[in-house]
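The values are calculated or read from the model by the stated rules, or taken from the named source; none is laboratory data. These numbers come from a predicted model, not from an experiment. Cβ sites come from the backbone with ideal geometry, for glycine too, and all protein chains shown count toward neighbours.
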Ligand code: AMP
């Protein structure tokens with residue numbers, strides 16, 4: 001079975017950032033389900049049309065569609081996979097445990113209030129998808145991507161009611177997975193309030209030892 005590393009945490013806890021850094025370090029494939037769905041939406045594919053309204057509302061996409069997306073995005077001959085944003089439901093966690101060797105689950109802990117203010121401050125590049133944050137990672141020129149020069153936008157589900165729904169969904173569905181993975185002895189809990197590079201160095205050391 002393929003080795004996998006999972007990042008669990010509330011929206012805004014920095015799962016994507018840490019998953020990307022760890023993927024560069026390990027050569028594992030980084031799979032972010034939200035990004036893959038957004039890619040399908042911007043392509044206008046059948047799948048994209050099916051999930052657009054669900055994602056904009058801040059609801060979870062049904063498990064079967066998520067499993068199909070995971071299957072179809074696997075790179076051949078990869079030494080392992082880093083999932084961020086998967087699993088989010090007990091059924092997804094069972095799927096993961098049945099199909100993969102779960103090497104580590106990093107739970108990034110952040111309060112609900114901090115998560116909401118980080119999400120509200122989040123901006124993404126409409127061109128290359130790079131992430132920014134008006135509090136912690138401002139672009140050098142307001143509203144413009146440092147990397148490709150395209151406009152920065154706010155995701156439709158990073159506003160108002162959709163944020164509340166997503167945070168609620170996290171506590172209803174995803175939070176309980178922490179206990180499940182604790183029992184499997186693969187869980188490491190870390191504070192998401194520390195600087196990105198400190199968190200990265202803890203995770204890198206842990207994975208090298210493990
Ligand atoms: P994210 O970018 O991780 O915040 O995900 C954006 C949206 O994609 C979520 O609010 C869900 O609608 C959908 N999504 C992402 N990952 C999953 C998942 N594992 N299960 C169901 N829906 C998901």
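Which residues, taken from the range 13-50, are under 9 Å from the mean Cα position of the chain (by Cα) and on the phi > 0 side of the Ramachandran plot?
Across the range 13-50, the qualifying residue is only 14.
For the range 74-91, which residues satisfy the criterion of being more than 12 Å from the ligand (Cβ to nearest atom) and touching a residue at least 24 places away in the same chain (Cβ under 8 Å)? Working first, answer last.
Within the range 74-91, the first condition is being more than 12 Å from the ligand (Cβ to nearest atom), and the residues that meet it are 74-82.
Scanning the range 74-91 gives 74, 75, 78, 79, 80, 81, 82.
If the requirement is being over 20 Å from residue 21 (Cβ atoms), surrounded by fewer than 16 Cβ atoms within 10 Å (Cβ to Cβ) and within 17 Å of the chain's Cα centre (by Cα), which of these qualifies: 131, 168? Explain how you work it out, then say what you get.
Details: 131 fails: over 20 Å from residue 21 (Cβ atoms).
The conditions single out 168.
With respect to residue 202, determine if the residue is more than 17 Å from the chain's Cα centre (by Cα), in a loop (DSSP other than H, G, I, E, B) and without any contact (Cβ under 8 Å) to a residue 60 or more places away in the chain.
Working: more than 17 Å from the chain's Cα centre (by Cα): yes; in a loop (DSSP other than H, G, I, E, B): no; without any contact (Cβ under 8 Å) to a residue 60 or more places away in the chain: yes.
It is false that residue 202 is more than 17 Å from the chain's Cα centre (by Cα), in a loop (DSSP other than H, G, I, E, B) and without any contact (Cβ under 8 Å) to a residue 60 or more places away in the chain.
Mind listing whichever residues of the range 21-38 are more than 10 Å from the ligand (Cβ to nearest atom), assigned to a helix (DSSP H, G or I) and surrounded by 15 or more Cβ atoms within 10 Å (Cβ to Cβ)?
Selection gives 21, 22, 23, 26.
Mind listing just one residue for me: the one in the range 2-11 that is touching a strand residue (DSSP E or B) at 6+ places or on another chain (Cβ under 7 Å) and at negative phi and, of those, farthest from the ligand (Cβ to nearest atom)? Give the derivation first.
Step one: filter the range 2-11 for residues touching a strand residue (DSSP E or B) at 6+ places or on another chain (Cβ under 7 Å), giving 2-9.
When the remaining residues are screened for being at negative phi, the result is 2-8.
Working: 2: 18, 3: 19, 4: 14, 5: 16, 6: 11, 7: 10, 8: 11 Å.
Going through the qualifying residues, I end up with 3.
Residue check, residue 14 against (1) near the ligand (Cβ under 8 Å from one of its atoms); (2) closer than 27 Å to residue 207 by Cα; (3) surrounded by 21 or more Cβ atoms within 10 Å (Cβ to Cβ), all met but one. Which one?
Among (1) near the ligand (Cβ under 8 Å from one of its atoms); (2) closer than 27 Å to residue 207 by Cα; (3) surrounded by 21 or more Cβ atoms within 10 Å (Cβ to Cβ), the lone unmet condition for residue 14 is (1).
Mind listing whichever residues of the range 176-188 are out of contact with any helix residue (DSSP H, G or I) (no Cβ under 8 Å at 6 or more places or on another chain) and in contact (Cβ under 8 Å) with a residue 24 or more places away in the chain?
As a first pass, look at the range 176-188 and keep what is out of contact with any helix residue (DSSP H, G or I) (no Cβ under 8 Å at 6 or more places or on another chain): 178-179, 182-183, 185-186.
Those that are out of contact with any helix residue (DSSP H, G or I) (no Cβ under 8 Å at 6 or more places or on another chain) and in contact (Cβ under 8 Å) with a residue 24 or more places away in the chain: 178, 186.
Could we say that residue 70 is assigned to a helix (DSSP H, G or I), under 22 Å from residue 4 (Cβ atoms), modelled with pLDDT of 95 or more and within 12 Å of the ligand (Cβ to nearest atom) here?
Details: assigned to a helix (DSSP H, G or I): yes; under 22 Å from residue 4 (Cβ atoms): yes; modelled with pLDDT of 95 or more: no; within 12 Å of the ligand (Cβ to nearest atom): yes.
Taking the combined requirement at face value, the residue does not satisfy it.
Condition first: within 10 Å of the ligand (Cβ to nearest atom) and either at pLDDT 95 or above or in contact with a helix residue (DSSP H, G or I) (Cβ under 8 Å, 6 or more places away or on another chain) (or both). Can you find one or more residues in the range 44-51 that meet it?
Taking the range 44-51 and keeping what is within 10 Å of the ligand (Cβ to nearest atom), we get 51.
Of the ones still in play, those that are also either at pLDDT 95 or above or in contact with a helix residue (DSSP H, G or I) (Cβ under 8 Å, 6 or more places away or on another chain) (or both) are 51.
Yes, the range 44-51 has at least one match.
Scan the range 68-97 residue by residue and report those that are out of contact with any strand residue (DSSP E or B) (no Cβ under 6 Å at 6 or more places or on another chain) and at positive phi.
Residue satisfying the conditions is 77 alone.
Please go through the range 54-67 and pick out each residue that is without any contact (Cβ under 8 Å) to a residue 60 or more places away in the chain, in a helix (DSSP H, G or I) and either near the ligand (Cβ under 10 Å from one of its atoms) or in contact with a strand residue (DSSP E or B) (Cβ under 6 Å, 6 or more places away or on another chain) (or both). Lay out the reasoning, then the answer.
Residues of the range 54-67 that are without any contact (Cβ under 8 Å) to a residue 60 or more places away in the chain, as a first pass: 54, 61-67.
Of the ones still in play, those that are also in a helix (DSSP H, G or I) are 54, 63-67.
If the condition is that a residue be without any contact (Cβ under 8 Å) to a residue 60 or more places away in the chain, in a helix (DSSP H, G or I) and either near the ligand (Cβ under 10 Å from one of its atoms) or in contact with a strand residue (DSSP E or B) (Cβ under 6 Å, 6 or more places away or on another chain) (or both), then 54, 63, 65, 66, 67 are the ones that fit.
Among 85, 160, which is the only one that is surrounded by 15 or more Cβ atoms within 10 Å (Cβ to Cβ) and at pLDDT below 95?
Working: 160 fails: surrounded by 15 or more Cβ atoms within 10 Å (Cβ to Cβ).
Checking each option against the conditions leaves just 85.
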